[in-house]
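S.K.: Below are the structure tokens for one structure; questions will follow.
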Amino acid sequence: GICTTLLEQNVITDQEVDGVYAHDRGSCKFMQNNKIVSNAQCGVRIEKGANPHFENNIIAEGPGCGVRVSAGGIGTFVQNFIRQNKGPGIWVLDGGNPEVTGNAIWDGLGHGILVEHQGAGKFETNEIKRNSGAGLCVATL
């Protein structure tokens, strides 16, 4: 069937794990115009074939990564503001393969985008600046 789940204009903060966790082939137009801030691990985690769409969100101020795509997760990220996370802004590994377009990835304490351990993806027209690590670090084995 058609998935009609839409989460819009929510504030998702101070969760004990991730702010948003999409897994097991979850694929909906999922998140737009939300604030996902200060969650204990990642702002967004996508795994196990999930393929949600994130657009115009703020994903910020996490003690871990902003976005993690792994274990065969996919996902589309368009025009999000990913800032001030202590880990990578976007971390892709273990078969993760997102499309990341037109995002601002700023002021993180790790790499702007980190692709490693058989991660992949398509990264276009993003603005990556003032991160403590590399803007884009690719260490895929």
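S.K.: Let me spell out the model: positive unit charges on the Cβ of Lys and Arg, negative unit charges on the Cβ of Asp and Glu, origin at the Cα centre of the chain. What dipole size does that give, in debye rounded to 20? Kindly include the intermediate steps, with their values, before the conclusion.
M.R.: Working: 11 positive and 14 negative charges, 25 e Å.
In total the dipole reaches around 120 debye.
S.K.: Hey, if we sort ARG45, ARG130 by accessible area with the 1.4 Å probe, largest down, what's the order?
M.R.: Values: ARG45 30, ARG130 145 Å².
Listed by decreasing accessible area, they come as ARG130, ARG45.
S.K.: List the residues whose amide H sits under 5 Å from the amide H of GLN118, counting only those 5 or more places along or on another chain, with H placed 1.01 Å from N in the peptide plane.
M.R.: Residues meeting the criterion, in which the H sits 1.01 Å from N, are ASP94, LEU141.
S.K.: Also, I was wondering about something else. Identify the residues of segment 47-70 with backbone N under 12 Å of a label point that sits 7 angstrom from the Cα of HIS23 along the Cα-to-Cβ direction, or state none.
M.R.: From segment 47-70, the list is 47-50, 70.
S.K.: Give the accessible area for THR5 in Å² (nearest 10); use a 1.4 Å probe, count only protein heavy atoms, and leave out ligands, DNA and RNA.
M.R.: Around 60 Å² of this residue is reachable by solvent.
S.K.: Something else: Rounded to the nearest percent, how much of the accessible area of segment 3-128 (1.4 Å probe, protein heavy atoms only) is carbon and sulfur?
M.R.: Values: 2530 of 5510 Å².
Carbon plus sulfur share of accessible area: 46 percent.
S.K.: Here's another thing I want to ask about it. Considering the chain as a Gaussian network with a 10 Å cut-off on Cα pairs, which listed residue, VAL17, VAL67, VAL37, attains the greatest mean-square fluctuation?
M.R.: Taking springs between Cα atoms under 10 Å, the residue moving most is VAL17.
S.K.: Answer with one residue from GLY112, ASN85, ASN97: the one whose Cα lies farthest towards the positive end of the charge dipole of segment 79-126, charges on Cβ with Lys, Arg +1 and Asp, Glu -1.
M.R.: Looking along the dipole axis, the top candidate is ASN85.
S.K.: Can you tell me how much longer the chain between HIS117 and ALA104 gets when fully stretched, taken as 0.36 nm per residue apart minus their C-alpha distance, in nm with one decimal?
M.R.: My answer for the length gained is 2.3 nm.
S.K.: Over the chain, calculate the relative contact order: mean separation of alpha carbon pairs under 8 Å at least 6 apart, over the residue count, as a percent. Show your work: numbers first, answer last.
M.R.: Values: 514 pairs, mean separation 23.0, N = 141.
The normalised contact order for the chain reaches 16 percent.
S.K.: Report, largest value first, the span of the C-alpha coordinates of the chain along each principal axis, in whole Å.
M.R.: Reported extents, whole Å, longest axis first: 41, 30, 29.
S.K.: Go ahead and run the numbers for FRET between ALA139 and LYS48, Cβ-Cβ distance against an R0 of 22 Å, rounding to 0.05. Kindly include the intermediate steps, with their values, before the conclusion.
M.R.: On the way: r = 23 Å, r/R0 = 1.04.
So, using R0 = 22 Å, E works out to roughly 0.45.
The values are calculated or read from the model by the stated rules, or taken from the named source; none is laboratory data. Fair warning: this is a prediction, and the values are worked out from it, not measured in the lab. Positions of Cβ are backbone-derived with ideal geometry, glycine not excepted, and every protein chain shown enters the neighbour counts. Only protein heavy atoms, including side chains, enter the accessible area calculation; ligands, DNA and RNA are left aside. Shrake-Rupley method; radii C 1.70, N 1.55, O 1.52, S 1.80 Å.
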